[in-house]
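Heads up: the structure comes next, in structure tokens.
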Amino acid sequence: MTKRLLIAGALSALSLPAFAQAQPSKANTSAIVMFLVFIAATMVITWWAARRTHTTSDFYTAGGGLTGFQNGLAIAGDYLSAASFLGIAGMVYVSGFDGMIYAIGFLFGWPVVMFLVAERLRNLGRYNFADVTSFRLSQTPMRILAASASLLIIALYLIAQMVGAGKLIVLLFGLDYNIAVVIVGSLMMIYVAFGGMTATTWVQIIKAVLMLFGATLMTILIMAAFGWDFDHLLAEAVAVHPDGKAILAPGASVSSNPLNALSLGLGLAFGTAGLPHILMRFFTVSNAKEARKSVIYASGFIGYFYLLTFVIGFGAIALLIKHPEYFIPGPDGKIDIINGLIGGTNMVAVHLANAVGGNLLLGFLAAVTFATIVAVVAGLALAGAAAISHDLYANVIAKGRATEKDQMRISRISTVVLGVLAILLGIIFENQNVAFMVGLAFAIAASANFPVLVLSISWRGCTTRGATMGGFIGLVVATAWVVLSKTVWVDVFGFATPIAPFPNPGIISIPLAFISIWFFSITDKSARAANEKAAFDALTVRSQTGLGASAAVDH
């Protein structure tokens, strides 16, 4: 049971599908008060940011004036979704040590970002990673590829976040689902349209501080309950968990389906370096040194947070069994601590907050979780607005002739359109299992964006034809593989058997993208390809030294 839940159903934890069965609950007064305080504070920040947002550089990169520490904290806020907290804590609760497989995969992506792309990204680009891939390659095809992949990733991420937000607020605040989705979408539009990157950054920083504080407080209360003895905590968890000592033995989930586990790991590790809303954050700092600092700080904050979720998951196993009010008894009157938890295992952290800190901590956690979703959605919307305005409109449609006023106008219109679309998709997908969308977003980022980004800046032989063909092949194969797997083909479409043998496409789509870029590049004998290869030396000097980078940034 544990193996199947972890690998086949782990994505469910990340997109919070357990909320799909949640019913409206009685409103939590403390949660609503903290929720209103958060909204008021962020509206003040948005008003302040709007007064400072005048140019496209201000809108997309906060003027490039953030420090590495500020940006690292904002990256942590952008990266750590509510699913990272609720989902991974729930996975540890179900599977023990193996529940950390996602956290390890997510964390492993950051050294990849730091050593392969962070510094070069900052030195070569202005607003987003499409600036980097088109530095020596043709503007139009590269920006169309980048915008296509980015908008698909953003749409998938938005659906998962909006459905999770709606179901979470239904459960914790007692609001109607549609109203909850409209609130999240409306706040996102306000933050991004008026405050741009400056407002979005500070919303993310506040959210990160609140989440780190909340998780730390819960960990302290858990450890205090066991006399600060971690061995005592683990012994109690082993004693009450159905799998006993097996929850301390790693590897069972990997051995159940090694190919899928490896594919999942590849998607998580390399997908981080292809997520448009994460890569966009490296243009908010003044130089490559601060970009590297951002990754170091972000890795520290994210790693620390995941260690806390490990303690929270085991603490939930050891403590929640003492509180039968959080479970629905079975027909025989006995409690099933895995399947009987009210709201599903994704509500482990919520119930534990109430158990160790009472209604006040529960309210605080609810407000933090809401802040988390709003911050992530705002980051996604900003990246989507950049793809539409900067890539498609300014460089493809207007061919570089668009004024800053035009770009700002299109950016704000794009934000509103994306917000309305997110609300509509959230409502449409209310009762659908959207678990696969999170995994697909990472798979597309790892299969389409990451190979093109890495090879365009590190391999002289990469050409526009190779990058375009390889990127689109990675995108299509990753998408088709997930659609043909059990996750969609059987669970969503209702067919009897899947065509793809396992749900995660990374082990197929990522190598295929790299091979396609290589093949179509070496067979490209055009004059344009020769010029692109000749321009590699200039790219290398700029990417390694930063010479000329300051002239490309509007500040």
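The values are calculated or read from the model by the stated rules, or taken from the named source; none is laboratory data. This is a predicted model, so every value here is computed, not measured. We place every Cβ from the backbone using ideal geometry, glycine too, and count neighbours over all the protein chains shown. Side chains are part of the model used for accessible areas, which takes the heavy atoms of the whole protein and leaves out ligands, DNA and RNA. Shrake-Rupley method; radii C 1.70, N 1.55, O 1.52, S 1.80 Å.
For a Förster distance of 60 Å, can you work out the FRET efficiency between the beta-carbons of F213 and F519, rounded to the nearest 0.05? If you can, show how the numbers build up before the last one.
Values: r = 51 Å, r/R0 = 0.84.
For F213 and F519, the calculated efficiency is 0.75.
Relative protection proxy for 328-337, 193-202, from highest mean packing down: 193-202, 328-337 (other beta-carbon atoms within 10 angstrom).
Which helices count as membrane-span-like in the chain under these terms: full DSSP H, at least 27 Å along the axis by C-alpha, Kyte-Doolittle mean of -1.0 or more? Write down the numbers at each step before the final one.
Values: long enough: 29-50 (31 Å, 1.98); 139-173 (47 Å, 1.64); 177-225 (45 Å, 1.73); 288-320 (46 Å, 1.16); 348-386 (43 Å, 1.90); 404-428 (35 Å, 1.10); 464-484 (30 Å, 1.42).
Result, helices passing both filters: 29-50, 139-173, 177-225, 288-320, 348-386, 404-428, 464-484.
Accessible area ranking (1.4 Å probe, heavy atoms, ligands and nucleic acids excluded), largest first, for R126, R52, R460: R52, R460, R126. Would you please classify the overall shape of segment 189-290 from the alpha carbon gyration tensor, given that a ≥ b ≥ c denote the square roots of the eigenvalues, rounded means a/c under 1.5, and beyond that prolate means a/b larger than b/c while oblate covers the rest? The shape class here is oblate. Overall, the anisotropy analysis places segment 36-156 in the oblate class: the square-rooted eigenvalues a ≥ b ≥ c of its C-alpha gyration tensor yield a/c not less than 1.5, with a/b not exceeding b/c. In plain terms, the C-alpha convex hull of the chain casts an average shadow of 23.9 nm² when viewed from every direction. Once both labels are positioned 7 Å from their Cα atoms along Cα-to-Cβ, the gap between R51 and I104 label points is 5.0 nm. Only protein heavy atoms count here; on that basis, with a 1.4 Å probe, F129 has an accessible area of about 10 Å². Between R409 and D332, the FRET efficiency from the beta-carbon distance, with R0 = 56 Å, is close to 0.30.
Take the Cα of R528, step 7 Å toward its Cβ, do the same at A224, and the gap between the two points is 6.5 nm.
When you count the other C-beta atoms within 10 angstrom of each residue and take the mean per peptide, 104-116, 462-474, 410-422 line up highest first as 462-474, 410-422, 104-116. Positive end of the dipole of the chain (Cβ unit charges, origin at the Cα centre): among A208, F283, V477, the Cα lying farthest that way belongs to F283. When shorter helices are ignored and each DSSP H run of at least 4 residues is given -39500 (n - 2.57), the per-residue value for the chain at 222 nm works out to -22500 deg cm²/dmol.
Shape class for segment 90-168, computed from the alpha carbon gyration tensor (a ≥ b ≥ c): oblate, with a/c not under 1.5 and a/b at or below b/c. Calculation over all alpha carbon pairs of segment 202-350 in 10 angstrom steps from 0 returns a P(r) of 9, 26, 31, 23, 8, 1, 0 percent.
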